[in-house]
Amino acid sequence: MGGRAVALAVVALAAWLSLTPKPPSLPGAPAGTDLLVHLVMHGGAAFCLLRGWAGALPAALALAFALEGGQALVPGRHVFSGDLAMNLSGVALGAIASGMLDRGLFDGLLARRRAQAVGGDERPDMGRDHALHPPGR
């Protein structure tokens, strides 16, 4: 499944969870867990949208507002400013994570994990200036 298909699937799931009259719940979950769900759901949606389409941040923000506002039209659901705040926080975190990935800021972490998986050096040339310090010195 391509990146855009994943993004659309995540958006569809977020829409269904936000606009269904009786969304599934997590039995025994502590109070406030729904706020974490809003954060993760909208962070994931924003991240996937931005990975699929450059410049999708306005769409991710519109989705956060629309899904919370749309609950006013669903019987048994209510608009809650705390949910909206977590939606928008999730969008911000998703955008930050996507931007970090674009800028290669996870490359060092990924290289270290790969090296550990194959039994190599745990810190492969992270941040080394090769012009001043050639590898092996």
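The values are calculated or read from the model by the stated rules, or taken from the named source; none is laboratory data. Treat the numbers as computed from the prediction; the structure is a model and nothing was measured. Glycine gets a Cβ as well: all are built from the backbone with ideal geometry, and neighbour counts include every protein chain shown.
When Leu49, Leu110 are checked against the criterion of being on the phi < 0 side of the Ramachandran plot, in a helix (DSSP H, G or I), out of contact with any His (no Cβ under 7 Å at 6 or more places or on another chain) and surrounded by 12 or more Cβ atoms within 10 Å (Cβ to Cβ), Leu49 stands alone in meeting it.
Scanning region 16-35 for residues that are surrounded by 14 or more Cβ atoms within 10 Å (Cβ to Cβ) and within 15 Å of Gly90 (Cα to Cα) gives Ser18, Asp34, Leu35.
I'd like the residue in region 54-75 that is part of a loop (DSSP other than H, G, I, E, B) and touching a helix residue (DSSP H, G or I) at 6+ places or on another chain (Cβ under 7 Å) and, out of all such residues, is nearest to Ser98 (Cα to Cα).
Only one residue tops the list, namely Ala56.
Restricting attention to region 1-33, the residues that are modelled with pLDDT under 90 and out of contact with any helix residue (DSSP H, G or I) (no Cβ under 7 Å at 6 or more places or on another chain) total 9. The number of residues in region 52-101 being of a type in the set (A, V, I, L, M), surrounded by fewer than 19 Cβ atoms within 10 Å (Cβ to Cβ) and farther than 14 Å from Val40 by Cα comes to 12.
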